[in-house]
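Worksheet: one structure, shown below.
Computed from the coordinates by the stated procedures, all read-outs in this text should not be read as laboratory data. Since the structure is predicted, the reported quantities are computational estimates derived from the model, not experimental observations. We place every Cβ from the backbone using ideal geometry, glycine too, and count neighbours over all the protein chains shown.
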Amino acid sequence: MSTTQFFGELLSRDHKVIGKRFLWLGLGFLFLGGALSMVIRWQLGFPGRPVPLVGRALGASGRVSPTAYAELFTLHGTIMIFFAVTPLLIGAFGNYCIPLLIGARGMAFPVLGVLSFFTQVTASLVLLASFFLPTGPLAGWTGYPPLSTSVGTPGLGQTLWPIAMALFAAASLVGAINYITTVVRCRAPGMGWFRLPLTVWGFLLSSILSALFLPFLTAAVLLLFSDRLFGTHFYIAGPLVQSGGDPIIYQHLFWIFGHPEVYILIFPAWGIVSDLLSFFARKPAFAYPVTVVSLMAIAVISTLVYGHHMYVTSMSPLLGQGFMVLTMLVSLPACILFITWLGTLWRGSLRLAPPMWFTLGVVFVFGLGGLTGLYLAHIPIDIYLHDTYFVVGHFHLTMAAAVLLAVFAAIYFWYPKIFGRNYNHTLAHLHFWLSFLPMSAVFSIMLVVGNAGLQRRLFDPSDYPIWRGLLGLNRVASYAAFALLFGQIPFVVNFIGSLFWGARSEHNPWHVGTLEWSVSSPPPAHNFDEIPRVHRGPHELGHPRSDARGVLAQTTVLSDEAP
Amino acid sequence: VSRLAPAARTQEETSAAVGLLLFLGSSALLFLALWAAALLLSLRGAPPPTPPGWWSLLTTGLLFGVTFQLQKFERTSRRIGARACALLFLGALGLIWKRASLLESSGESSAMALFFILTGIHALHGAAGLLALFAFRRTSRLLNTYWQFLVGAWILTVSSAYLPWP
């Protein structure tokens, strides 16, 4: 391969190539972030004991030091949210699927796709560089000052964190602009707003929130970077600082972005779940317009509730009550969304293929995570539960369990399309049960120990007599976490093995009517030989005039319809 | 774009307009976030920033010069005036920073430091706009829209130094 060809391949503007690159990048970081969590769980379950296998990397004693523990949970959180789940769900499936689902030849701005990917790679490299420094970032994934300032955490490691975050924000913003423009401008003829697959709605709303709120993250980390590098005092307060800084300003800026970030991640997952439930229940999505309106309502309300993360910052009680009511209000459209999912399942002809199992898993853990969110919305309860493992369990159920199960559902659903190969369904089912059960156990136990008052981010809870009794539960959670790690072996074997030895996939193995299944697997570079004309919605399953496999494709013209 | 058929060109231009508006909306929110932070800092007792004096008029005039030139020579390849105004604007910004000795003033007042950050973010946008002035073969309405946004953001940024701070 010549140099020109190499750079031509490297800078490929094909959305499918970019999507696959995001997939590999995200999977790599998913396993890195997951591995870090295993060391965290070891310390919580077996405090002070040398870590097996990787202990030597932590020092001569093989034990986790308090500083190393702080680095571990900081990097675990940062990697999982910004460098694993985001590239996996939004980068990979957004880039790969959106043009195929809406009947376009590509993204509106193919160059922005390349730019987004390489900016994300640069951000990842900056964050990875902190692994090789004497002290990495250790102020938690939220990076709260004054701990994250040079006063709280001197050294280059914590300085790299805002740089990585700013680059991440730039990459995501570029991607979001590309997604929104593509959906608004590049839909195939006939693909009206209410004929879009719900997956596309998920990506669209997620991108709108990204475009609106990533600038606030950029502002927050920019000021933090300035504090660390230029000696400004935006986030440092106190009698010795005359320039008038305040660390709470960071919390405002961070959570204005941080709360919608939950929805930025979960919207694509909800969209995918809504579609897959319909496809595998072999009936139309229940109340499609209601689902769309619910998603929109959640998007709007989610922009107004960030203050519930700051109840304990001596906020005005009146303001706190406002945030409390608005947070409770989110549950209304969320409940409606949940009911539409149940409505789709009701009296459906369920096909329990691997993507469907993972989808049902999302419905379960999201229900659990959503319900625990209602507790945290209440000021009196949140004041008690704030900074406990209850909060950790809640956001792991919603942002980790629900989103990751949705990622796996998407991988198993589109794997034949992306790679043109079938995978082993037995291994996929095994992967589901070995992920779902331990995942639910770990995060549910977090809720229990959090309810007992156990503080998050403690290096060794057994130092405190009141929490020694929780060591047993923590140990069970750690065993479940280790089981979760081993549960990924079938996935890795299946994913990699099927690339080489998987049987060739047929074009439409799931018998659904959306546009991506109307082309070969994997699709050609130009996606569609002719831009398709869309005649119906994406969920026409069980239609009396569908074909022998129960499919009525979005492009099918019935005899009594105008072509 | 110029190589495409007229219909496709219109499609591409509309998509570019949508993309640019989204980008400018996000940029406006970045400025808004920083202005909000400046307001909060002033409420916490940060001394107000020192107004840049007649430099504000000069820099604003130069930015208006860019948009005027782009408006006058829309869809032509004549951009020397716009380029010159943009270069002079960035140079004038550099002089403001030098005169106000960035790091010393930043240590004294967080509001002043934030003013520098705002002008710095604006300068980054200006540098990107200058790059576009050199990169694109012809001026376009979109390029002018971008520079008009920079004029608006600059007027608000500079005005913030003159506001009666709480």
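Using the Cβ-Cβ distance between A:LEU319 and A:VAL448 with R0 = 45 Å, the FRET efficiency computed as 1/(1 + (r/R0)^6) comes to roughly 0.90. For chain B, the Cα-based Rg and Dmax, in that order, read 17.7, 59 Å. With the convex hull drawn around the C-alpha atoms of segment A:463-510, the volume per residue stands at 110 Å³. The angle between the Cα long axis of helix A:317-345 and the main principal axis of chain A comes to about 30°, on a 0 to 90 degree scale. Using all pairs of distinct alpha-carbon atoms, the Kirkwood hydrodynamic radius of segment A:72-195 works out to 15.8 angstrom.
Measuring how big the protein assembly as shown is from its alpha-carbon positions, Rg and Dmax come out at 26.6, 81 Å. Using 0.36 nm per residue and subtracting the Cα-Cα separation, the extra length available between A:THR3 and A:THR303 on full extension is 103.3 nm. Electrostatic bookkeeping for A:PHE528 treats Lys and Arg as +1 and Asp and Glu as -1; over the other residues with beta carbon under 13 Å from its beta carbon, the sum is +1. Evaluating 6.51 cos²θ - 1.76 cosθ + 1.60 at θ = phi - 60° for every residue in segment A:180-189, the Karplus couplings come out as 4, 4, 4, 5, 6, 9, 10, 5, 5, x Hz, glycine and proline recorded as x.
A Förster distance of 56 Å, applied to the separation of the beta-carbon atoms of B:LEU57 and A:PHE131, puts the FRET efficiency at 0.65.
Normalising the average separation of contacting C-alpha pairs (under 8 angstrom, six or more residues apart) by the number of residues puts the relative contact order of chain A at 16 percent. Nearest 10 degrees is fine. How inclined is helix A:471-486 to the longest principal axis of chain A, computing both from alpha carbons? Relative to chain A, helix A:471-486 is tipped by roughly 40 degrees. Shape analysis of segment A:267-313 based on the Cα gyration tensor places the equivalent ellipsoid semi-axes at 31, 12, 6 Å, largest first.
Rounded to the nearest 500, the helix-only mean residue ellipticity at 222 nm of the protein assembly as shown stands at -22000 deg cm²/dmol, with each DSSP H run of n ≥ 4 adding -39,500 (n - 2.57). Max-minus-min Cα coordinates of segment B:1-90 on each principal axis give 59, 28, 15 Å, with the largest extent listed first. May I ask for the angle, rounded to the nearest 10°, between helix B:141-160 and the longest principal axis of chain B, with both axes built from Cα atoms and the value confined to 0 to 90°? Relative to chain B, helix B:141-160 is tipped by roughly 10 degrees. Label sites at A:ARG457 and A:GLU530, each approximated as a point 7 angstrom past Cα along Cα to Cβ, lie 6.1 nm apart. Based on Cα atoms of segment A:361-498, Rg over Rh with Rh as the Kirkwood radius reads 1.07.
Cα-based radius of gyration for segment A:289-433, normalised by 2.2 N^0.38 Å, reads 1.25.
The Kirkwood hydrodynamic radius of segment A:162-300, based on inverse pair distances between different Cα atoms, is 17.1 Å.
About its Cα centre, segment B:1-88 has a charge dipole of approximately 260 debye under the convention of +1 per Lys or Arg Cβ and -1 per Asp or Glu Cβ, with nothing else charged.
Could you list the residues of segment A:527-541 with an amide nitrogen less than 11 Å from a label point located 7 Å from the Cα of A:HIS507 in the Cα-to-C-beta direction? Within reach of a label on A:HIS507: A:529. Using the Cβ-Cβ distance between A:LEU229 and A:THR122 with R0 = 22 Å, the FRET efficiency computed as 1/(1 + (r/R0)^6) comes to roughly 0.75.
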